[in-house]
There are 2 protein chains.
Amino acid sequence: MVPHLITALTGPINELEQRILESLPAIERWFRLEWMEHTPPFYTAVDVRNAGFKLAPVDTNLFPTGFNNLTVEMLPLSVQAAMAAIEKICPEAKNLLLIPQRRTRNTFYLSSLQRLMQIFHQAGLNVRLGTLDEDIEKPTDVALPDGSALTLEPLLRTKTRLGLKDFDPCTILLNDDLAAGVPPVLDNLHEQYLLPPLHAGWAVRRKSNHFRAYEEVAKKFAKLLGMDPWLINPMVVRCGEVDFGADGGRDALMAQTEALLGKIRRKYKEYGIQEKPFVIVKADAASSPLGLKTVRDVKDLADLSRCTRNLPDGQLTTDVILQEGVPTFERVNDAVAEPVVTMIDRYVVGGYYRVNAGRGIDENLDAPGASYVPLAFAESNQLPRHGAKPGASAPNRFYMYGVIARLAMVAASYELEATDPNAEVYE
Amino acid sequence: MVPHLITALTGPINELEQRILESLPAIERWFRLEWMEHTPPFYTAVDVRNAGFKLAPVDTNLFPTGFNNLTVEMLPLSVQAAMAAIEKICPEAKNLLLIPQRRTRNTFYLSSLQRLMQIFHQAGLNVRLGTLDEDIEKPTDVALPDGSALTLEPLLRTKTRLGLKDFDPCTILLNDDLAAGVPPVLDNLHEQYLLPPLHAGWAVRRKSNHFRAYEEVAKKFAKLLGMDPWLINPMVVRCGEVDFGADGGRDALMAQTEALLGKIRRKYKEYGIQEKPFVIVKADAASSPLGLKTVRDVKDLADLSRCTRNLPDGQLTTDVILQEGVPTFERVNDAVAEPVVTMIDRYVVGGYYRVNAGRGIDENLDAPGASYVPLAFAESNQLPRHGAKPGASAPNRFYMYGVIARLAMVAASYELEATDPNAEVYE
């Protein structure tokens, strides 16, 4: 089942779908050549928004969750992709240490973790869970909704290696996004593979770097297909540090927002789009407690208390980006939905919908407390159907989503290369 | 659906299944290490026979067909494996030239070919068909059961390259087993990848080489699992050239057969197996027209006319092997069945059953004219189910079949290395 797309069957996205299907061999070859030069992130989940007139990634998660939302039928794809990933990184590997999110008892998350363990077990590794939670001093079971349990074990750190009691892994897979900072136990591990690398965590990562890389990727790809990169690229402005407590800071933010709204307006005019433009104000680092704010008019910025109410007392400055708002016109029943595409190594292994009945088409759906109905892609993204009417076929739509998500993955790979603190510089 | 296994739920194979499941990470790691040293064949299909007391490959096809028998739901696995294969061989590739079996109008075969084209198209290549049939002098459509058509095009050979009109491929994929010999149009192609290599074809290949390599692989694997290699290895005796017209030739064959029957009898006694041993007399090269003969008693060899009636007039000698007969105790409804496991690159991408109501449990099921009911593996081999009772779970059975088939694939890789005419010799 594909969610109903309000703007279905006409407009630029259907032309894009048509072009993407016709160019399939060229697109796949383009990705092959990119992966000759760049290393894909170990795993990635990309939130994609389809506005009918535009299709763009809005968030690229390098510590993906939601593996429990993938259809069981498509799990062999994940296993096969995991086999390819392991083989590349450490074929001799016996043991994989998986480090989950700290202090979570969310059963959706635990189910995702269980699925991830299953994937890597079936790909041929002994998988155990080591927790960053220092309160856990001995192996501790946490219950799952299906009646089984996961065992969290305390980490054992030596001078050079990280492991568990009687468990020395070759590879350590992080599933915590390090928004709370890099725990010392993960520092200076040079003998083992730590994936994703520490600088992929939100202690270091910046959205502005990602979207700058994505813009470069979108331009290259748009050139290949002979199209306007704006159709797949959300415009992003990096504001740097904004002082929400000072009039000067707010005024500068308002001016930048007005400029971006103007750019969007011009694009909408060029394409005859009747929607009202909007901008999302975001913290540059996901670790900042700044709330996301949808701005349809700069006057909305006069009151920033909704944005800043989570900031610690006294802190009124944080790094900010402005992102062109991409409405989602997909709905599951009546609830607003957006696809999430999941990848392991360079392969799309599945996807699902994030659905939020309490939110509008121009709002963040990944909101705490909101109701959440995962809906797996029922058909594979790998089997586009030639000759189907554009916009009408789920496999074709999913193939297109997989292409856009992989562009964001290529961007993440550029981003991680550019921000690698250990990179050798050739100049 | 899994075919009913007559000997289900007890016996050595269920112990083997148990051990294979318990050893999953060690087994997958073992394969990873093998593939570090050896190159898998491009694609492979292995006929596996489950006797309840023994599970063994009986034929390893390096020019597989039957892709139409794989479930459509599992096709993404084939596409992903094909992507991995292409990326390794020739990431810059745009065009793939697929050379089908010569002069076939069999609609099962054509459907398999169509599926193969679909897989490689979706993996990102322009795929066209070049025919070895010299009667085809211009692009010619052949009709498919679904109403569509495939276009066969005449090959265009230059001094150094093979292609079609306006189509210069980087890689040439052979789907003809070359039993009729290597056509000159395929000779001396050093600028393009020709896969599988010519020496994988039956003009050169010998079953005795394959099973010698398989015995080595089976011994290594059995050592890993601490088991008797005979449980997965069919004993094979290479007789060399046998003169069926001479009493001496026949007597030698009878003596070798009697010796092999004796060895099987001793193994059956060791395991308390009540079956009657049998031996299959086969030509060493599949290109020989010698018929397969099931021999339960050496006296059966007194009349060899059934074996030799297809040999050309006057020819009474051919290279022969004797293979320990492995009965198949799987049945679909009442018809005897054997699984066929299909692989692309190092990955199991699916399987199906060959079913033949007209044949016995100790006979060749891949017989011309016999009725033939393909039955796809309904569940993936990549998701074994922990804790299921041995012998009772389809995913567990299929995982085990996938392991045995991959052992035969490793053997084919050893075999192709040992028989490579261009190999450098390090001594």
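For the reader, a short list of remarks on this structure follows.
- Interatomic Cα distance distribution for chain A, bins of 10 angstrom, percent: 4, 21, 31, 27, 14, 3, 0
- For residue B:193, solvent-accessible area (1.4 Å; no DNA, RNA or ligand), Å²: 110 Å²
- Across the range A:187-194, coupling constants 3J(HN,Hα) worked out from phi with the 6.51/-1.76/1.60 Karplus curve, θ = phi - 60°, read 6, 6, 9, 9, 8, 10, 7, 10 Hz, and Gly and Pro carry x.
- Partner lysines for residue A:138 [C-alpha distance under 16 Å; skip if fewer than 8 residues away on the same chain]: A:165
- Accessible area in square angstrom per residue, the range A:320-362, 1.4 angstrom probe: 19 Å²
- Entry comment: accessible area of the range B:19-74 is 27 Å² per residue, from protein heavy atoms only and a probe of 1.4 Å.
- Solvent exposure ordering (accessible area, 1.4 Å, most first) of B:36, B:343: B:36, B:343
- Using just its DSSP H runs of length 4 or more, each adding -39500 (n - 2.57), chain A gives a mean residue ellipticity at 222 nm of -10000 deg cm²/dmol after division by all residues.
- Note, ³J(HN,Hα) from phi for the range B:394-401, Karplus 6.51, -1.76, 1.60, rounded to Hz, x at Gly and Pro: 4, x, 5, 4, 5, 4, 4, 4
- With N the number of residues in the range A:2-143, Rg(Cα) / (2.2 N^0.38 Å) evaluates to 1.32.
- For the range A:129-276, with all protein chains in place and a probe radius of 1.4 Å, 50% of the accessible heavy-atom surface sits on carbon or sulfur.
- For the protein assembly as shown, the alpha-carbon coordinates run over 109, 68, 55 Å along the three principal axes, in decreasing order.
- Panel note: contact residues of the range A:109-125 (accessible area lowered by at least 10 Å² against the chain on its own; 1.4 Å probe) correspond to A:121, A:122, A:123, A:124.
- Solvent exposure, largest accessible area first (probe 1.4 Å, DNA, RNA and ligands not counted), of B:386, B:210, A:38: B:386, A:38, B:210
- Straight-line cross-link reach from residue A:220 at under 23 Å between alpha-carbon atoms covers these lysines, not counting any fewer than eight positions away in the same chain: A:54, A:207, A:263, A:267, B:94.
- Under 15 Å from residue A:276, Cα to Cα: aspartates and glutamates that are on another chain or at least 8 residues apart: A:258, A:297, A:300, A:324, A:362, A:363
- For B:23-29, mean number of other protein chain Cβ atoms within 10 Å: 6
- With the simple model of a label 7 Å out from the Cα in the direction of the Cβ, residue B:333 to residue B:385 spans 2.5 nm.
- Remark: the range A:109-235 carries 43 Å² of accessible area per residue (probe radius 1.4 Å; ligands, DNA and RNA excluded).
- Size of charge dipole - the protein assembly as shown - debye, nearest 20, with Cβ of Lys, Arg +1 and Asp, Glu -1, no other charges: 1000 debye
- The charge dipole of chain B, taken about the Cα centre with unit charges on the Cβ atoms of Lys, Arg (+1) and Asp, Glu (-1), comes to about 880 debye, rounded to the nearest 20.
- For peptides B:22-28, B:242-248, sequence by mean Cβ density within 10 Å, most packed first: B:22-28, B:242-248
- Seen through its C-alpha gyration tensor, with square-root eigenvalues sorted a ≥ b ≥ c, the range A:68-151 comes out oblate because a/c lies at 1.5 or above while a/b is not bigger than b/c.
- Note on the range A:44-198: antiparallel DSSP beta bridges, both residues inside, total approximately 50 percent of the bridges counted.
- For the range B:180-266: rounded, prolate or oblate by the Cα gyration tensor [a/c cutoff 1.5]: oblate
- For the range B:96-139: rounded, prolate or oblate by the Cα gyration tensor [a/c cutoff 1.5]: oblate
- Take each residue in A:408-420, count the other chain C-beta atoms within 10 Å of its C-beta, and the mean is 0.
- Rg(Cα)/(2.2 N^0.38 Å) for the range A:35-106, N = residue count: 1.38
- Along the range A:410-416 the Karplus relation, 6.51 cos²θ - 1.76 cosθ + 1.60 evaluated at θ = phi - 60°, assigns HN-Hα couplings of 4, 4, 4, 5, 4, 4, 5 Hz to successive residues, with x for each Gly and Pro.
- In the B-A interface, the accessible area buried, summed over both sides, Å² (probe 1.4 Å): 3500 Å²
- Applying 0.36 nm per residue to the separation of residue A:220 and residue A:193 and subtracting their alpha-carbon distance, the gain on full extension is 6.6 nm.
- Spherically averaged projected area of the range B:12-68 from its Cα convex hull (nm²): 5.2 nm²
- Taken as Cα centroids, the range B:69-146 and the range B:215-259 sit 36 Å apart, rounded to the nearest whole angstrom.
- Per-residue mean of C-beta atoms belonging to partner chains within 10 Å, peptide A:76-87: 6
The values are calculated or read from the model by the stated rules, or taken from the named source; none is laboratory data. Because the structure is a prediction, the values reported are computed rather than measured. For neighbour counting, all protein chains shown are included, and Cβ atoms are generated from backbone atoms with ideal geometry for every residue, glycine included. What goes into the accessible areas is simple: the full protein's heavy atoms, side chains included, and nothing from ligands, DNA or RNA. Shrake-Rupley method; radii C 1.70, N 1.55, O 1.52, S 1.80 Å.
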